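Undergrad: One structure is given below, represented as structure tokens, and several questions about it will come after.
Read-outs: derived from the displayed coordinates by stated rules, not from any lab. Values in this document were obtained by computation on a predicted structure and should not be read as measured data. Cβ placement follows ideal geometry from the backbone for every residue including glycine, while neighbour counts extend to all protein chains displayed.
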Protein chains: 2
Amino acid sequence: MSAIAEAKPPSRREQILAAAAELFARHGFHGVGIDDIGSAVGISGPALYRHFRSKDAMLGEMLTAISEVLLAGGQNRVARADPLAELVRFHVDFALDNPALITVQERNLGNLTDPDRRKVRALQRRYVELWVEVIRAAVPGLSEPSARAAAHAVFGLINSTPHSRHLDRDQMADLLTRMALAALTDVPGSPGTALSESVPDE
Amino acid sequence: MSAIAEAKPPSRREQILAAAAELFARHGFHGVGIDDIGSAVGISGPALYRHFRSKDAMLGEMLTAISEVLLAGGQNRVARADPLAELVRFHVDFALDNPALITVQERNLGNLTDPDRRKVRALQRRYVELWVEVIRAAVPGLSEPSARAAAHAVFGLINSTPHSRHLDRDQMADLLTRMALAALTDVPGSPGTALSESVPDE
DNA sequence: CAGCCAGGTTAGCGACGGCTAACGCGTGCG
DNA sequence: CGCACGCGTTAGCCGTCGCTAACCTGGCTG
């Protein structure tokens, strides 16, 4: 039952999930057929039903797995020194190493079954909560909604990774980490910090 | 033929496109049926074909329109003083005022017809080019690939907007603008600015 | 006031996609 | 040796979806 760390049954299911993730990321959940997923792993079509109850179940399992990994990883970084940098680095690494998963999680939450969506949402909420607390500790005086908004913004920044790929992995990691930290430490918390002298007409 | 500024045929088409954008954003292109779009604007089903050649044509028109607006807007901001801030503010405003469009553009590029995709890609490229030049001007010594990566990262940051909504519009605009500028002015460009030479643990 | 046509309706076709059914086959264990 | 079972195959059902056809209607216009 437990989805976490099933010792080492390495292959078929995981292989299928990986292929499916790639396809879902590229074409969207509804844009991918059972047969597409099958042939991506060498078998064809309905053989998938030996491993998964349904197509929805694949997406469900995929997304809950991601959320669990992120939450667990996040939880054990916040214990260390400089938790903000740790969190950023962790997320950056995950995004760079799993671009397809990140993409699917961003785009296909809406295609989940209701119970699956609730579960994933709950996990994500806890992950965000982690970030919010760490951000507020690092940037004193920041309101909670602002911290939450900042967290989402930084997720967007880091998760933009799959669409880029102009630098090699390590340079990319450094760049994203730097930018994320810079953004986070300059988020406007203190009231009166207006920067609006620009003319926003039409 | 020209898609730009067709005088003022204001309503039906645009109304349909807006509704479709909302739906595409929420469920993905393939997750939305013709009938869904129809009933979202009060008419039902195939009546849409009085206005569009096909469902693909809707997406195509939608995405090219967005890209054209962004490019045009971007082009006339880079002329002003402090073009980086102008560009950021412009993009932030657009994202905050058109969350559905932003979402669709991010997620559904892959569902475009080949010729449509080429056209959109071309427009996007020019928009990114704008950013790259402005960024390199603002951050001397920054390599072009780094600038490109930074641009995409900032798009991610700003476009994360639809998933947030914890602050009111203006606060959100300020927050995003500040974060984006902070991120952009601290992007690692100068060679040797590795943060990987030692573990940044304090 | 006739009639056109913009813009809507419903019926229905053909393709496709998810899933089930029924069957085949090799490997491990009694 | 045989049989069960994990894992794969192909055939095919059934619902849905994009789109066309055929028809209706009300307001402008000659």
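Undergrad: Which ³J(HN,Hα) values, rounded to whole Hz and listed in residue order, are derived for the range B:73-78 from phi using the Karplus coefficients 6.51, -1.76 and 1.60 in 6.51 cos²θ - 1.76 cosθ + 1.60 with θ = phi - 60°, glycine and proline given as x?
TA: x, x, 4, 8, 8, 5
Undergrad: On full extension of the chain, what length is gained from B:R13 through B:R53, given 0.36 nm per residue of separation minus the C-alpha to C-alpha distance?
TA: The span from B:R13 to B:R53 would gain 13.2 nm if fully extended.
Undergrad: For B:159-166, what's the mean count of beta carbons from other chains sitting within 10 Å of each residue's beta carbon? Please list the in-between numbers first.
TA: Working: counts 4, 12, 4, 2, 6, 9, 4, 10.
Mean inter-chain Cβ contacts per residue within 10 Å come to 6.
Undergrad: Relative to the first principal axis of the alpha-carbon coordinates of chain A, what is the inclination of helix A:144-159, with its axis defined by its Cα atoms, in degrees from 0 to 90 and to the nearest 10?
TA: 50 degrees
Undergrad: Could you tell me the relative contact order of chain A? Use alpha-carbon pairs under 8 Å, at least six residues apart, and round to a whole percent.
TA: Rounded, it is 21 percent for chain A.
Undergrad: Report the dimensions of the protein assembly as shown along its three principal axes from the alpha-carbon atoms, largest first, rounded to Å.
TA: Answer, in whole Å and largest first: 64, 56, 36 Å.
Undergrad: Further question: To the nearest 10 degrees, how steep is helix A:169-185 against the longest Cα principal axis of chain A, on a 0 to 90 scale?
TA: Helix A:169-185 and the main axis of chain A meet at about 40 degrees.
Undergrad: Another question, then. Would you grab the residues whose amide H sits under 5 Å from the one on B:V41? Only those 5+ places off in sequence or on another chain, please, with H modelled 1.01 Å from N.
TA: It is none; the list stays empty.
Undergrad: Compute, for the protein assembly as shown, the length of the dipole vector about the Cα centre, with Cβ point charges of +1 (Lys, Arg) and -1 (Asp, Glu) only. Units Debye, rounded to 20.
TA: Here the size comes out at about 1080 debye.
Undergrad: Using a Förster distance of 25 Å, how high is the FRET efficiency between A:R26 and B:E129, based on the Cβ-Cβ distance and rounded to 0.05?
TA: The value I calculate is 0.50.
Undergrad: In degrees from 0 to 90, rounded to the nearest 10, what is the angle of the helix A:12-27 Cα long axis to the longest principal axis of chain A?
TA: Around 60 degrees separate the two axes.
Undergrad: Using the crude model of +1 on Lys and Arg Cβ and -1 on Asp and Glu Cβ, and no other charge, please compute the dipole size for chain A relative to its Cα centre, in debye to 20.
TA: With Lys and Arg at +1 and Asp and Glu at -1, about 760 debye.
Undergrad: Specify which residue in the list B:V88, B:L142, B:A122 is farthest towards the positive end of the charge dipole of the range B:55-187, using unit charges on the beta carbon of Lys, Arg (+1) and Asp, Glu (-1), about the Cα centre.
TA: Among B:V88, B:L142, B:A122, the one farthest towards the positive end of the dipole of the range B:55-187 is B:A122.
Undergrad: Still on this structure: Where the label is 7 Å out from Cα toward Cβ, how close does B:T113 come to the same position in every other copy, in nm, shortest first?
TA: 3.8
Undergrad: Hey, another quick one. Where the centroid of each part is defined by its Cα atoms, how far is the range B:117-172 from the range A:15-66 in Å?
TA: 32 Å
Undergrad: Using each residue's phi in the range A:109-125, evaluate 6.51 cos²θ - 1.76 cosθ + 1.60 at θ = phi - 60° and report the 3J(HN,Hα) Karplus result to the nearest Hz, with x for Gly and Pro.
TA: Ordered by residue, 3J(HN,Hα) equals 4, x, 8, 6, 4, 4, x, 4, 4, 4, 4, 4, 4, 4, 4, 4, 4 Hz.
Undergrad: Starting from a label point 7 Å past Cα on the Cβ side, list the distances from B:G42 to the same position in the other copies, nm, shortest first.
TA: Listed shortest first, these distances are 5.8 nm.
Undergrad: Relative to the other copies, what are the label-point distances for B:D170, with labels 7 Å from Cα along the C-beta vector, expressed in nm at one decimal and sorted shortest first?
TA: Relative to the other copies, B:D170 has label-point distances of 4.8 nm.
Undergrad: Also, quick follow-up: Taking a ≥ b ≥ c as the square roots of the Cα gyration tensor eigenvalues, with a/c under 1.5 meaning rounded and otherwise prolate when a/b beats b/c, else oblate, which class fits the range A:61-202?
TA: It is rounded, given that a/c, with a ≥ b ≥ c, falls under 1.5.
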